[in-house]
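Quick notes on the structure that follows.
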Amino acid sequence: MKSHGLLIYPIHANQQDKMKQYLSCLIFLVATSLQAQENITQTIRGKVIDADGKYPLTGVTVLLVNDEAEDLVGTTTDLQGEFRLEQIPLGRHNLKFSFMGYKEVMLSNLILTSSKELILEVAMEEMAISLADVEVRATRTGEAQNEMAIVSARAFTVEETDRYAGSRGDPARMASNFAGVQGADDSRNDIVIRGNAPGSVLWQLEGINIPNPNHFGASGTSGGPVNIINNKILANSDFYTGAFPAEFGNTVSGVFDLKFRKGNNEKHERSFQLGFMGAELFLEGPLRKTSRSAFLVGYRYSSLQLFSALGIDVGTTAVPRYQDLAFKFNFPLKNKGNLSVFAVGGKSNIDIKVSEESTEDRNLYGEKDRDQYFGSRMAVMGISYEKVLKNQTYMKATLAGSQERVQAEHYYIVGRVQPDGFIRVQDLPAILGYNFTTNKYSQVLSFFKKIDNKNTLNYGFQNDIFGFNLMDSARQVSILPQNDPNAPLEYQSTAWLNRWNEDGTMAVLAQPYLQWKHKPNEALSLVMGLHQQYFSLTDSWSPFEPRLGINWKLDEMQNLNMGMGLHSQIQPAYTYFYKFTDQSRPDMGFQAFNREMDFTRSKHLVLGYERMLGNQIRMKWETYYQHLTRVPVENRASSFSLLNSGASFNRIFPEVGLVNEGTGENYGLELTLEKYYSKGYLFLVTGSLFEARYQGSDGIWRDTEFNGNYAFNFLGTREFQTRNGLIGIGTNITTAGGRRYGPVDVERTQEQQEIIYQDESRNSLRFDPYFRMDLRVNYRINRKKLSHEIALDLINILNTKNILNLTWAPDELENPDPEKSIIQNYQLGFLPIFYYKVDF
């Protein structure tokens, strides 16, 4: 039975002329308001800390090392580890941090605008031996901030989420440019990491595991059309694609480890942006300058909803409505302590009233036989306390509460299509109603103990207490055969089926961990750790999960690394409570058969080689093997596996109980060739060759739905400096193997009113290869204490038709032809996205 095959689409194509006129008006208004400004400068400041002990470093030399700089500009950090460089010209800059006994840190491509101070927090790693014995190697931009991360990890900046063509300010869409990562759906930001299902990606914020942080997120997924966490409130963060350190658990795929900025504690700054993704306002500044406390607040409101409210025709009545809010308040305390309060939340709704649309309009959506009302919301709020203790020990404790809610209602259309294309509606009987709400209370405690310059210990735990409230009822409606085309339609409906009915069920997921970093010498680093999980709903412990990472520096230009570990993950929460009559055990009646599902387990091995080709180009190879066990499959012989789920709005409805007897494997080879920004341009070339297979309960090895076998990506940006600003042009070209599917079981598809594939030949076919080219143009103008930016993202500029999947869309309401009702659902076509931003 169908759940809610919701599809969200952009502005209708016939509105593009209005968008162009609006953009031209913005450009004219900004251009006519600007006057040439000279000698505009800005401040760069921040704090330098020890990477392991987290305490401030005094006396660090900070130098501006731009090639074009005529005079040496620099300073040193004070007793609090803070530094300040004033009257720095606008544009892009490189900073070098050096300190006796520590590895140099080189930060490249830092952009300085007239409206915002550049505030940095830099962590430096102490060397294992003295400077007399080794040549110092600089830590470069892009290396993971987490000192325990050895392989398959990368830091990303807020600017990268904006600068990369097609990223739309979204961390997940930006990450799809990295090796081993693919987008699953152009209209959503789900990502496939090394062949794993998108739903297995873990999102962390300020050290807390959080619910799906996306508008219009569906149960069991980790993505959606629009990210709730706005990139402008983020600090530099890390992204992991496998073999992650022991502090991360409950995932077998990848991790987004996000952090909020602290806000400017010296001056007030504001930012406003209007674009396709929303109207946004951001405020930050000091709460009390004497206490160094600061705040940061951001709010966004759906642009399409705003335009619709103003009477502007956006091409469809199904207008996505969403808004989100995020903030952080930071309070430095005496005795080297710090307290912060943070929150992020968003709500979204869309009403797809097919019964009120013409045939042409209804073709925008995959389902033409029902009205759909869909809504979702998520919220997280927490408080963190961190303190540098005695004996080079750092402690951080966080308490947080979160909620995730997804709800939908469907009404079947009983009526006839008229000559004008509209439906004469006779009745709208309800066929689906559900509300899934999950509340969670999280406690995290972690300690970093720097034993000496060769050894660092990190240990702690994360504890999540869940409360599940899951309600769902559904039925089927079918129109009876009718001989008289003028007579009222008659229909029949099945009895309501209450598939979920959980009210207040509690569960605990506890995750203790321990990890140790050891540097026997400056060429070799080892990270060893243990992780374990306990899930009270099934009263099960994961096995001890050992983690190991090794980095061997061959010389100053190249290194080898290796990572391996055991990882575990619980199943999507709603799957434990689904009630049905197991067809293989009908005598047991109607009940929840999946409450005994255990953790899915994964063994991951990664080998990597990295080499610098000069000072600005990095080449990296990684090869990996992942073996998955205890994957939920059906308790009868079939091709079903949870490894194929989590990439759409649809939930899963197994007809028999699920057992942890499936397996899977992913292996591949990845290449990254990256040129850091210099001489006005940068590029990133990535390629992946991979296999992603699984074994269902029938014992047959098949390709997973996401096994495209290859993916290649080219991303480049060229910038031209103007008198007081810059013009940037960037492109992103992606090609990948087509997704897998199989022959359709036509009879069952018509009966269930959704696509059902033939079991024995699942994933034996594949869609055509995927190809997309994006183009981005932006223009930034700096005035004194004010900057403007206009940008235009041209998504899928060649309007390539990429097939997403097959969908059931009845060609007629009364007597649908099955062959005509099974149609191809395409990815996004050409889509222009513009925005205007002003910082002041």
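The values are calculated or read from the model by the stated rules, or taken from the named source; none is laboratory data. No experiment lies behind these values; they were computed from the predicted model shown. Please note: Cβ atoms are built from the backbone with ideal geometry, for glycine as well, and neighbour counts cover all protein chains shown. Surface areas here come from the heavy atoms of the whole protein model, side chains and all, with no ligands, DNA or RNA. Shrake-Rupley method; radii C 1.70, N 1.55, O 1.52, S 1.80 Å.
Criterion first (out of contact with any strand residue (DSSP E or B) (no Cβ under 6 Å at 6 or more places or on another chain), over 23 Å from MET612 (Cβ atoms) and of a type outside the set (Val, Ile, Thr)) does PHE593 satisfy it?
Spelling it out, PHE593 is indeed out of contact with any strand residue (DSSP E or B) (no Cβ under 6 Å at 6 or more places or on another chain), over 23 Å from MET612 (Cβ atoms) and of a type outside the set (Val, Ile, Thr).
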Matching residues in the stretch 470-480 - criterion: being outside any loop (DSSP other than H, G, I, E, B) and open to solvent by 10 Å² or more (accessible area, probe 1.4 Å): MET471, SER473, SER478, ILE479
Evaluation of TYR299 against (1) crowded, with 17+ Cβ neighbours inside 10 Å; (2) out of contact with any Phe, Trp or Tyr (no Cβ under 7 Å at 6 or more places or on another chain); (3) among the aromatic types (Phe, Trp, Tyr) (one fails), failing number: (1)
Single residue of GLU819, GLU812 found to be open to solvent by 50 Å² or more (accessible area, probe 1.4 Å) and in contact with a helix residue (DSSP H, G or I) (Cβ under 8 Å, 6 or more places away or on another chain): GLU819
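Among the strands (runs of 3 or more DSSP E) confined wholly to the stretch 189-284, which include 1 or more residues that are open to solvent by 20 Å² or more (accessible area, probe 1.4 Å)?
On the way: elements: 191-193, 202-205, 237-240, 255-258, 269-275.
Strands (runs of 3 or more DSSP E) meeting the threshold: 269-275.
The rows are residues; the columns are (1) open to solvent by 10 Å² or more (accessible area, probe 1.4 Å); (2) without any contact (Cβ under 8 Å) to a residue 40 or more places away in the chain; (3) not polar (S, T, N, Q).
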position: MET562; (1), (2), (3): yes, no, yes
position: PRO572; (1), (2), (3): yes, no, yes
position: PRO586; (1), (2), (3): yes, yes, yes
position: MET597; (1), (2), (3): no, no, yes
position: LYS603; (1), (2), (3): yes, yes, yes
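Against the condition over 22 Å from TRP203 (Cα atoms), of a type in the set (Ser, Thr, Tyr) and open to solvent by less than 20 Å² (accessible area, probe 1.4 Å), how does SER568 come out, does it pass?
Numbers: over 22 Å from TRP203 (Cα atoms): no; of a type in the set (Ser, Thr, Tyr): yes; open to solvent by less than 20 Å² (accessible area, probe 1.4 Å): yes.
So SER568 fails the test.
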Pick from the stretch 818-838, criterion outside any strand (DSSP E or B) and either free of Cβ contacts under 8 Å to residues at least 60 places away in the same chain or not polar (S, T, N, Q) (or both), ranking: nearest to GLU754 (Cα to Cα): PRO818
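Identify, from the list PHE216, PHE282, the residue that is farther than 29 Å from LEU530 by Cα and more than 17 Å from the chain's Cα centre (by Cα).
On the way: PHE216 fails: more than 17 Å from the chain's Cα centre (by Cα).
Step by step, each of PHE216, PHE282 is checked, and only PHE282 is farther than 29 Å from LEU530 by Cα and more than 17 Å from the chain's Cα centre (by Cα).
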Qualifying positions in the stretch 333-352 - open to solvent by 20 Å² or more (accessible area, probe 1.4 Å) and in contact with a Leu (Cβ under 8 Å, 6 or more places away or on another chain): LEU333, LEU339
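So for the stretch 515-523 (the condition being hydrophobic (A, V, I, L, M, F, W, C), open to solvent by less than 50 Å² (accessible area, probe 1.4 Å) and at pLDDT below 95), does at least one residue qualify? I'd like the intermediate steps shown before the answer.
Taking the stretch 515-523 as the starting set, the residues that turn out to be hydrophobic (A, V, I, L, M, F, W, C) are 516, 523.
Still in the list and also open to solvent by less than 50 Å² (accessible area, probe 1.4 Å): 523.
From what's left, at pLDDT below 95: 523.
For the stretch 515-523, residues hydrophobic (A, V, I, L, M, F, W, C), open to solvent by less than 50 Å² (accessible area, probe 1.4 Å) and at pLDDT below 95: present.
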Test: ILE781 is at negative phi, among the aliphatic types (A, V, I, L, M) and not in a strand (DSSP E or B): no
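Which strands (runs of 3 or more DSSP E) does the stretch 39-122 wholly contain that include 1 or more residues that are within 35 Å of the chain's Cα centre (by Cα) and under 25 Å from ASP839 (Cβ atoms)? So that I can check it myself, show each step before the final result.
Values: elements: 41-50, 61-64, 73-76, 82-89, 91-98, 105-112.
Because the criterion is at least 1 residues that are within 35 Å of the chain's Cα centre (by Cα) and under 25 Å from ASP839 (Cβ atoms), the strands (runs of 3 or more DSSP E) in the stretch 39-122 that meet it are 41-50, 61-64, 82-89, 91-98, 105-112.
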Residue, farthest from the chain's Cα centre (by Cα), within the stretch 824-835, restricted to residues that are more than 8 Å from ASN796 (Cβ to Cβ) and surrounded by fewer than 16 Cβ atoms within 10 Å (Cβ to Cβ): GLN824
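Looking at the structure I just gave you, is LEU775 open to solvent by less than 10 Å² (accessible area, probe 1.4 Å) and assigned to a strand (DSSP E or B)? Walk me through it before giving the result.
Numbers: open to solvent by less than 10 Å² (accessible area, probe 1.4 Å): no; assigned to a strand (DSSP E or B): yes.
Spelling it out, it is not the case that LEU775 is open to solvent by less than 10 Å² (accessible area, probe 1.4 Å) and assigned to a strand (DSSP E or B).
Would you pick out the residues in the stretch 559-576 that are part of a loop (DSSP other than H, G, I, E, B) and under 12 Å from LEU605 (Cβ atoms)? Steps first, please.
Applying the first criterion (part of a loop (DSSP other than H, G, I, E, B)) to the stretch 559-576 yields 570-572.
Answer for the stretch 559-576, where residues must be part of a loop (DSSP other than H, G, I, E, B) and under 12 Å from LEU605 (Cβ atoms): there is none.
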Which numbered condition ILE451 fails, given (1) hydrophobic (A, V, I, L, M, F, W, C); (2) within 35 Å of the chain's Cα centre (by Cα); (3) within 30 Å of PRO546 (Cα to Cα): (2)
Contacts under 6 angstrom Cβ, first residue in the stretch 306-326 being over 19 Å from LYS347 (Cα atoms), partner open to solvent by less than 50 Å² (accessible area, probe 1.4 Å) and assigned to a helix (DSSP H, G or I), 6 or more apart: VAL314/LEU304; VAL314/PHE307; GLY315/GLN15
Filter result for SER293 (buried (at least 18 other Cβ atoms within 10 Å of the Cβ), hydroxyl-bearing (Ser, Thr, Tyr) and more than 23 Å from the chain's Cα centre (by Cα)): yes
When residues of the stretch 60-77 are limited to those that are modelled with pLDDT of 85 or more and polar (S, T, N, Q), the one least open to solvent (accessible area, probe 1.4 Å): THR77
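From the set of residues in the stretch 315-340 that are outside any loop (DSSP other than H, G, I, E, B), among the hydrophobic types (A, V, I, L, M, F, W, C) and touching a Phe, Trp or Tyr at 6+ places or on another chain (Cβ under 9 Å), which is farthest from SER293 (Cα to Cα)? Give the steps one after another, and end with the answer.
The first filter runs over the stretch 315-340 and keeps only residues outside any loop (DSSP other than H, G, I, E, B), leaving 321-333, 337-340.
Subset that is among the hydrophobic types (A, V, I, L, M, F, W, C): 325-327, 329, 331, 333, 339.
Still in the list and also touching a Phe, Trp or Tyr at 6+ places or on another chain (Cβ under 9 Å): 325-327, 329, 333, 339.
Details: LEU325: 20, ALA326: 17, PHE327: 14, PHE329: 8, LEU333: 9, LEU339: 10 Å.
Residue satisfying both the conditions and the ranking: LEU325.
Identify the residue in the stretch 291-314 that is outside any strand (DSSP E or B) and touching a Pro at 6+ places or on another chain (Cβ under 8 Å) and, among all such residues, is farthest from PRO213 (Cα to Cα).
Residues of the stretch 291-314 that are outside any strand (DSSP E or B), as a first pass: 291-292, 302-314.
So of that shortlist, the ones also touching a Pro at 6+ places or on another chain (Cβ under 8 Å) come out as 291-292, 302, 304-305.
Working: SER291: 33, ARG292: 30, SER302: 16, LEU304: 20, GLN305: 20 Å.
Within the stretch 291-314, the match that is farthest from PRO213 (Cα to Cα) is SER291.
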Of residues in the stretch 755-768 being over 16 Å from GLU819 (Cβ atoms) and in a loop (DSSP other than H, G, I, E, B), the one farthest from the chain's Cα centre (by Cα): GLU760
Whichever residue in the stretch 488-510 is open to solvent by 20 Å² or more (accessible area, probe 1.4 Å) and not in a strand (DSSP E or B) and, among such residues, is nearest to SER402 (Cα to Cα): TRP496
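Table: residues versus (1) at pLDDT 95 or above; (2) open to solvent by less than 40 Å² (accessible area, probe 1.4 Å); (3) within 16 Å of SER402 (Cβ to Cβ); (4) part of a strand (DSSP E or B).
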{"site": "SER442", "(1), (2), (3), (4)": "yes, yes, yes, yes"}
{"site": "LEU445", "(1), (2), (3), (4)": "yes, no, no, yes"}
{"site": "ASN458", "(1), (2), (3), (4)": "yes, yes, no, yes"}
{"site": "ASP464", "(1), (2), (3), (4)": "yes, yes, yes, yes"}
{"site": "PHE468", "(1), (2), (3), (4)": "yes, yes, yes, yes"}
{"site": "GLN482", "(1), (2), (3), (4)": "no, no, no, no"}
{"site": "PRO485", "(1), (2), (3), (4)": "no, no, no, no"}
Hits in the stretch 543-560 - residues which are surrounded by fewer than 18 Cβ atoms within 10 Å (Cβ to Cβ), closer than 18 Å to ARG611 by Cα and of a type outside the set (Asp, Glu): ILE550, TRP552, LEU554, MET557, GLN558, LEU560
